[in-house]
Structures are given as structure tokens and as C-alpha cells.
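Peer 1: Can you read through this structure? Questions will come right after.
The values are calculated or read from the model by the stated rules, or taken from the named source; none is laboratory data. Remember, predicted model here, so these are calculated numbers, not experimental data. Cβ coordinates were reconstructed from backbone atoms using ideal geometry, including for glycine residues, and neighbour counts include every protein chain displayed. Note: areas computed on protein heavy atoms with side chains; ligands, DNA, RNA excluded. Shrake-Rupley method; radii C 1.70, N 1.55, O 1.52, S 1.80 Å.
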Amino acid sequence: MSSITKTSSFHNPKYSECIEACNHCANSCEYCGTLCLREAGNKVLECIELCFYCADVCRFASKHMSRDSNRVKEFCDYCAKICEDCATECDKHDMDHCKQCAKVCRECSKICLETIAK
């Protein structure tokens, strides 16, 4: 079962599922990165950096899907790659929030790739 939940009913219908996934992933990454900063500090610096970077990329992709940009495929492809990198890094850590973030990132990556395959 997906951890992506519907947060808004007003999106570009063409990319609605992917916009939701990107927004959910961005929020999860922000939360994970913040908790890592508070709990573990420099021990998980790479995780913190990737979480914040992934959040930015997801928000960027979401904005461009909302605008029906002609670069959506490129942005979603890049977003999927960053989400996978973030998931791989988060999986290296034992904290529950890192494991959950990795799961959300992988789901977002999958949805981004499905979106650009259409």
C-alpha cells in the first residue's frame, strides 16, 4: 500500500498523482533531514544533505507539472534519480524516520518514472 496520501484535490489533472507524490516526498525529506539534524548531527551529514536536496528537487518538479511545462519529462526523470539516491542513503541508517523517508522516496521515484513513460 502506498504511503502517498491525497493532500489536495486541485492539481493539474494530467500530473495529479505525480504532483501528490513529489509534494509528499518533499515533506517527508524535510522532516527526516530535520530529525537527523536534531538527533544525530554530523553522523548522518550525507543523509541530511540528500534529504534537503531531494525536497527541493521534488518541489521543483511539482511546480513544473502544475504549470504543464514542456520539460516535465526531464524534471521527473531527474527527480526519480535524486529520490533513489536519497532512499539509498536513508536506508543506511537505523532511525525509523529514515526508513520511512526511504520508502516515500522510492514510491515517488516509481511514480515519476511511470508518469514520464505515459
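Matching residues to (1) under 16 Å from Lys99 (Cβ atoms); (2) open to solvent by less than 60 Å² (accessible area, probe 1.4 Å); (3) at pLDDT 95 or above; (4) among the hydroxyl-bearing types (Ser, Thr, Tyr):
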{"residue": "Ser28", "(1), (2), (3), (4)": "yes, yes, yes, yes"}
{"residue": "Leu35", "(1), (2), (3), (4)": "yes, yes, no, no"}
{"residue": "Gly41", "(1), (2), (3), (4)": "no, yes, no, no"}
{"residue": "Phe60", "(1), (2), (3), (4)": "no, no, yes, no"}
{"residue": "Ser66", "(1), (2), (3), (4)": "no, no, no, yes"}
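Peer 1: Restricting attention to segment 87-99, which residues are part of a loop (DSSP other than H, G, I, E, B), of a type in the set (Asp, Glu) and open to solvent by less than 90 Å² (accessible area, probe 1.4 Å)? Show your work before the answer.
Peer 2: So in segment 87-99, the residues part of a loop (DSSP other than H, G, I, E, B) come out as 91-95.
Checking the rest, the ones that are also of a type in the set (Asp, Glu) come to 91, 94.
Answer for segment 87-99, where residues must be part of a loop (DSSP other than H, G, I, E, B), of a type in the set (Asp, Glu) and open to solvent by less than 90 Å² (accessible area, probe 1.4 Å): just Asp91.
Peer 1: Among (1) assigned to a helix (DSSP H, G or I); (2) out of contact with any Gly (no Cβ under 9 Å at 6 or more places or on another chain), which single condition is Glu49 missing?
Peer 2: All conditions are met except number (2).
Peer 1: If you don't mind, there's one more thing I want to ask. Between Glu30, Glu84, Glu74, which is within 18 Å of Lys118 (Cα to Cα) and either part of a helix (DSSP H, G or I) or touching a residue at least 24 places away in the same chain (Cβ under 8 Å) (or both)? First the steps, then the outcome.
Peer 2: On the way: Glu30 fails: within 18 Å of Lys118 (Cα to Cα); Glu84 fails: within 18 Å of Lys118 (Cα to Cα).
The match here is Glu74.
Peer 1: Let me ask you something else. Among Ala21, Ala55, Ala102, which is the only one that is open to solvent by less than 80 Å² (accessible area, probe 1.4 Å), free of Cβ contacts under 8 Å to residues at least 24 places away in the same chain and either in contact with a Leu (Cβ under 6 Å, 6 or more places away or on another chain) or of a type outside the set (Ser, Thr, Tyr) (or both)?
Peer 2: Working: Ala21 fails: free of Cβ contacts under 8 Å to residues at least 24 places away in the same chain; Ala55 fails: free of Cβ contacts under 8 Å to residues at least 24 places away in the same chain.
Just a single option satisfies the conditions, and that option is Ala102.
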